[in-house]
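Please treat every number below as a calculation from the coordinates, not as lab data. Predicted model only: the values in this text are computed from it and were never measured. When we count neighbours, we look across all protein chains shown, and the Cβ atoms used for this are built from the backbone with ideal geometry, even at glycine.
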Amino acid sequence: MTDNTSSIKQVQQEIVDEFAAFGDWMDKYEYLIELGHSLPVIDEQKKQEDRLIKGCQSRVWLDSEFRDGRLWFTADSDAIITKGIISLLIRVYNGRTPDEILSADNSFIEEIGLRENLSPTRANGLVSMMEQIREDALKYKGQ
Amino acid sequence: MIQDIDQIRSHFPYLQCARGGDRQLIYFDNAATTQKPRAVIDATSRWLQEANANVHRAIYGLAASATEHYEAGREAVRGLINAASKDEIVLTSGTTASINLLANIYGQKYIRPGDEILLSEGEHHSNIVPWQMLCARTGARLRYFPVGEDGQWDLGAAERILAEGKVKIVSAAHISNVLGIVNPVGELTVLAHRYGAVIHLDGAQGIVHEGIDVQETPCDFYSFSGHKLYALTGTGVLYGRRSLLETLPPWMGGGEMVDTVTYERTTYAPVPLRFEAGTPNFIAAATLKPAIDFVTSVDVPQVRENEKRMTDYLMRELNAVDGLRIIGSGGKKAPLISFTVEGAHHSDIATLLDKMGVAVRSGQMCSEPLLAKFGLTGAVRVSLAAYNTMQECEAFMGALRKVLAMLR
Ligand SMILES: Cc1ncc(COP(=O)(O)O)c(C=O)c1O
């Protein structure tokens, strides 16, 4: 779980540094697959239609909870690489205030060489998932 | 004649580009669209420079030349499918446009409440949705005849539906874009006609791997996309048997589809221009000619033989992969194979194959109902063209094994 004393930027930088250690794409993706396997699976009961992000090749479920002014996410996907990237996003955004989330950007994904996975044409659900995270943040903003 | 595979490949500038050092991208998504031969690329650029004027309108020489190129595209299509006349060739923007056009013009003239439209269960969304829309508009009923577990048509079931006597039009794929099986379209044509229905064949894949002679297989309509047959995107064909086509009203109204227009009413141009309202995508359509010239200049039996060897190899090797399931294993197989692998998601497989330099399709492939019938939400598809090689197939299999080792 994210240490809340480090900012979104800091956690993103940590991830960038971790990925800088990998020599080639294969190591990167092996790591993503590992992360995907270690992401806690979402409760089957929460895999409801209304939490399913539609229109993607890989199905992505995202559930959020708002506690003490902060957002907490659980997510899942049927594709393991998508799940690995989700786990990075959750590491960055979990336990943040809506304002923090709304003012963040995702350029770290580009820095770790995974930009293609976040391009809108990739149909892998990540772009929609990011939109959903921001929408949830907007919903709770000012509460 | 273009003889061997190296010669074929030398016609495609794309295949000469290297990617990531000296590694070449293996392009196995040809069912979506093909790479373009140099003749098509060069003609496009030449005509943009030398023959760009609106077609079928003006008197001056440049316009005449543009019109000639456009009409040469139409004539090349006529020759390719052996239509009796080039007036039977309606140029469209693609298969989707062709089927929407057909559903509208045929529907307006012949479909009434209670009539039935018969499709196979193995259709692309482009050959489902326009008919659903037509049914919603007219009160007609859409019916499907089944494909079996191995992907083959159940013609007996098709006949039983036809024998009820309500089907006005049958529309089915020559080769399914998921199953890759060459369907018995000749037999279906005979059946449709026996029970008084007309038949349209979706030839988007069929034109590429089988070809059609519309006099030998006397379907009433046949559609395909130019861009899957080496021509530019935004090109397509609706073939219609003349005696039937001539009875159909236009769909879109506009320039060039008219005979005389007053403020009150219009009489329409003869076929096929009646169905080509507005400025067509004329330079793209003209590339049908160099594209078809390419297709007919290769040694066709040898290309088919090569495709068959690659298909047999892939079927054998894929079948040997633990947990791999081929969707549509029966019948005569075109070089188009879809599969799923237990424990590995299709989008993960495609992502990693891309990293290894192999482009394959993954997902629903615009065939959600068919995949749902097989209990699937997606699959991986490899589809070959004339320029693919056995070495590429071997490299693909090697890459797939590595990918699966990473994922499982
Ligand atoms: C069988 C079939 N029908 C229709 C289409 C639609 O073709 P287009 O997108 O060129 O209109 C395709 C293309 O994927 C196809 O394979």
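For the range B:122-214, the set of GluC sites (Glu not before Pro) satisfying both a DSSP loop assignment and a count of at most 12 other C-beta atoms within 10 Å is given as B:149, B:164. The order of A:107, B:367, going from fewest to most other C-beta atoms within 10 Å of their C-beta, is A:107, B:367.
Sorted ascending by nearby beta carbons within 10 Å, beginning with the fewest, B:351, B:267 become B:267, B:351.
For the range B:220-326, trypsin sites (Lys or Arg not before Pro) are listed when DSSP marks them as loop and at most 10 other Cβ atoms sit within 10 Å of their Cβ; the list is B:265.
Only helical runs count toward this figure. For chain B, summing -39,500 (n - 2.57) over DSSP H runs of n ≥ 4 and dividing by all residues gives -12000 deg cm²/dmol at 222 nm. Working note: Karplus 6.51/-1.76/1.60 with θ = phi - 60° gives the range B:315-326 the couplings 4, 5, 5, 5, 4, 7, 7, 4, x, 8, 10, 8 Hz, where Gly and Pro are set to x. Can you give the percent of C-alpha pairs in the range B:249-362 whose distance is more than 22 Å? Within the range B:249-362, distances greater than 22 Å cover 62 percent of Cα pairs.
The GluC sites (Glu not before Pro) of the range B:256-335 that DSSP puts in a loop, and whose beta carbon has at most 11 other beta carbons within 10 Å, are B:264. Which residues make up the longest stretch of chain B clear of chymotrypsin sites (Phe, Trp or Tyr not before Pro) that lie in a DSSP loop with no more than 14 other Cβ atoms within 10 Å, not counting the sites? By the stated rule (loop sites, at most 14 other Cβ atoms within 10 Å), B:61-262. Taking the inverse of the mean reciprocal distance over all distinct Cα pairs, the Kirkwood hydrodynamic radius of the range B:42-295 comes to 18.7 Å. Projected onto its three principal axes, the C-alpha set of the protein assembly as shown covers 77, 55, 54 Å, listed from the longest axis down.
Each of B:98, B:329, B:225 was scored by other Cβ atoms within 10 Å of its Cβ. Listed from fewest to most, they are B:329, B:225, B:98. Mean projected area of the convex hull spanned by the Cα atoms of the range B:189-306, taken over all viewing directions: 9.2 nm². For the range A:8-140, the fraction of C-alpha pairs farther apart than 28 angstrom is 11 percent. Legend: residue pairs B:36/B:332; A:46/B:228; A:46/B:402; B:168/B:289; B:289/B:402, Cα-Cα distance threshold 31 Å; pairs beyond threshold, A:46/B:228; A:46/B:402; B:168/B:289; B:289/B:402.
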